[in-house]
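Some notes on the structure that comes next.
No lab work stands behind these numbers, since they all come straight from the coordinates. These numbers were taken from a predicted model, which means no experiment stands behind them. Cβ placement follows ideal geometry from the backbone for every residue including glycine, while neighbour counts extend to all protein chains displayed.
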Amino acid sequence: MLDIAELSRKSGIPASKLRYYEEVGLIRSVGRNGLRRVFETDVLTRLSLIALGQVAGFSLAEIREMLGSERQPEIDREMVSAKADLLDRRIKELTALRDGLRHVVTCTAPSHLECPTFQRLMRIAQTRQAMRGREQKKARTKRKGGGGNRKASSFGRD
């Protein structure tokens, strides 16, 4: 058994975040030692799974759904596959962006604005920003109740 201070020290996660994880159903304490929450040691595995899910870009709601309330996670393979496909697309985008930026460094055009590669990068960035705005609007609509009862969250806020 680990009290919240020990769990925080071993996991590197602040106690406030551990309390939040418990509040949203990601982890569960098994009791209290005085005023401190107490957790079973296997919660460290759940915290590792939560960290992996966040790094992969899953929302806390998606992670909670996959972790389930029991001891064994219920990994949705289709959801994981879709996330891997999304990461593949993002890697391709970032690779193209990196290559374009490297070109800009060596471009012989009189100014960057005259460089066709730089102009293409600007168009891609603008398109990507517009797409991100539409995705955020869709997520806000979903959170307000327009998309079922699953709560959306962003990677950065979690």
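About its Cα centre, the range 1-98 has a charge dipole of approximately 420 debye under the convention of +1 per Lys or Arg Cβ and -1 per Asp or Glu Cβ, with nothing else charged. Between His103, Leu121, Ala82, the Cα set farthest toward the positive side of the dipole of the range 77-143 (charges on each charged residue's Cβ, about the Cα centre) is that of Ala82. Dipole size of the range 77-143 about its Cα centre, with +1 on Lys/Arg Cβ and -1 on Asp/Glu Cβ: approximately 560 debye, rounded to the nearest 20. Counting only residues at least eight positions apart within a chain, or on another chain, the aspartates and glutamates with an alpha carbon under 19 Å from that of Lys144 are Glu62, Glu135, Asp158.
Labels on offer are [x] 34, 20, 13; [y] 55, 26, 11; [z] 41, 19, 14, and the one holding semi-axes √(5λ) of the Cα gyration tensor in Å computed from this structure is [z].
For the chain, set up a GNM with springs between Cα atoms under 10 Å and report which of Gly133, Gly68, Gly25 has the largest fluctuation. Of Gly133, Gly68, Gly25, the most mobile in the Gaussian network model is Gly133.
The separation of the range 1-36 from the range 70-143, counted between C-alpha centres, amounts to 36 Å.
By the helix-only formula, in which each DSSP H run with n ≥ 4 contributes -39500 (n - 2.57) and the sum is divided by residues, the chain has a 222 nm mean residue ellipticity of -20500 deg cm²/dmol.
Along the axis of the charge dipole computed for the range 2-67 (Cβ charges of +1 for Lys and Arg, -1 for Asp and Glu, origin at the Cα centre), the listed residues Leu2, Leu60, Gly34 are led at the positive end by Gly34.
For the pairs Lys10/Lys142; Lys10/Lys138; Lys83/Lys142; Lys17/Lys92, flag any whose C-alpha to C-alpha distance is greater than 27 Å.
Pairs exceeding the cut-off: Lys10/Lys142; Lys10/Lys138; Lys17/Lys92.
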